[in-house]
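Just below is one structure, and these are the notes that go with it.
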Amino acid sequence: MTPTTTLTTTPTTTLTITTPTITTPTLTNTTPIARTLLGLCSVALAAGCVAEPTDPMAPGDQAEVTEPTYGETTSEITTAEQESAIPVPSIQLARVSLFLGDLVFRSSDEQDPGGTATAPTITMIEQARPNSAGALYTIGGERSPLETFLLVTPSTVPVPRLLVSTEPSQAIRDRAAGRAVVETLTAPVAGLPQTALAGVTVALGASSQYCSGTTSAAWAANICTLNNWDVDFCHNGTWFSVTDEVGSSNKKRNSRGRTLGCGANSRVRHYYRLGSAWYKPIDETFPAGQIWTTTKNGNWALARAITHSRTAAGFVRAASHFNVPF
């Protein structure tokens, strides 16, 4: 069994197909999700996060530039399980203010599949906020949470203990040896300036290009592409909600989502399954017009899923990625 995509979208595009008849597979699990109310944005800087709409429209046809290379025949996480997933408490370790937006590091515990051990895991949440010229930037490359923290902060900034203890590379842990170690950084810290991060960050171009059109070729080309991840999904259409997953026969340790709300705030949820229960370590709502990257670094290979959804009468564009460690 291979990964699956469950889609809910605006039926605004009529396609006339003159090529030979194509048999369209029957989509499963297309019942609209029962939305829950959100009182506030736990990470987003701007106020005004609102409840998700209670009247999502029925699924419809929507052309996309890029589709998953393969998909599961059935979905393992149902819409009811998404809404009843058990929240996983987390602790904020650090918040770094960068020229591109904020970078948040969190820790939450993850249990092993046998239910006999628990170990801390790290979540990174990165904001790509348009600057005064409307340009977006993101942190490029594939780096661990500790390596990322060390690259974007001055050497005088202490490092949270769990970023060090969860780092698998001794060479990267050695880089933190000269810094003070603290449990958490209670106040936001200023990261390095843009000039010092020239080799770390990547320009994504004008933010306006990513919300324009029924589909966005720029989203598919610039946001969906991610090297060294095992399973990738790209959704550059106009979606109300989309869920991607890797099931029990294709388990992965890490999950990464890239989410953009167009005309509405966006919401992203990461899940993993232990036994018959689904857990939810990430559930965040973000302001419209900003691209947010949420990365869950797990400890064990598990069935995992990500849901991207809108919170009002707009749409979302998204990308999901799953893998084993680099």
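Details
- Considering only residues in segment 272-297 that are over 14 Å from the mean Cα position of the chain (by Cα) and part of a strand (DSSP E or B), the one that is farthest from THR79 (Cα to Cα) turns out to be LEU274.
- Considering segment 274-326, the residues that are among the hydroxyl-bearing types (Ser, Thr, Tyr) and open to solvent by 10 Å² or more (accessible area, probe 1.4 Å) include one that is nearest to ASN228 (Cα to Cα), namely THR293.
- Note on segment 146-171: among residues that are touching a Ser or Thr at 6+ places or on another chain (Cβ under 9 Å) and open to solvent by 20 Å² or more (accessible area, probe 1.4 Å), the one that is nearest to GLU126 (Cα to Cα) is GLU147.
- Residue in segment 98-108 that is at negative phi, assigned to a strand (DSSP E or B), among the charged types (D, E, K, R) and in contact with a Ser or Thr (Cβ under 9 Å, 6 or more places away or on another chain) present: yes
- Qualifying residue in segment 246-265 (condition: closer than 19 Å to SER320 by Cβ and over 20 Å from the mean Cα position of the chain (by Cα)): yes
- Meets criteria (closer than 29 Å to ALA203 by Cα and open to solvent by less than 10 Å² (accessible area, probe 1.4 Å)) for ALA135: no
- Flag if PRO113 is in contact with a strand residue (DSSP E or B) (Cβ under 9 Å, 6 or more places away or on another chain), assigned to a strand (DSSP E or B), in contact (Cβ under 8 Å) with a residue 40 or more places away in the chain and not small (Gly, Ala, Ser): no
- Among the residues listed as GLY237, GLY205, GLY191, GLY257, the single one being open to solvent by less than 70 Å² (accessible area, probe 1.4 Å) and on the phi > 0 side of the Ramachandran plot: GLY205
The values are calculated or read from the model by the stated rules, or taken from the named source; none is laboratory data. Bear in mind the structure is a predicted one, so any value in this text is a computation, not a measurement. Counting neighbours? That spans all protein chains shown, and the Cβs are built from the backbone with ideal geometry, glycine included. Heavy atoms of the whole protein, side chains included, go into the accessibility calculation; ligands, DNA and RNA do not. Shrake-Rupley method; radii C 1.70, N 1.55, O 1.52, S 1.80 Å.
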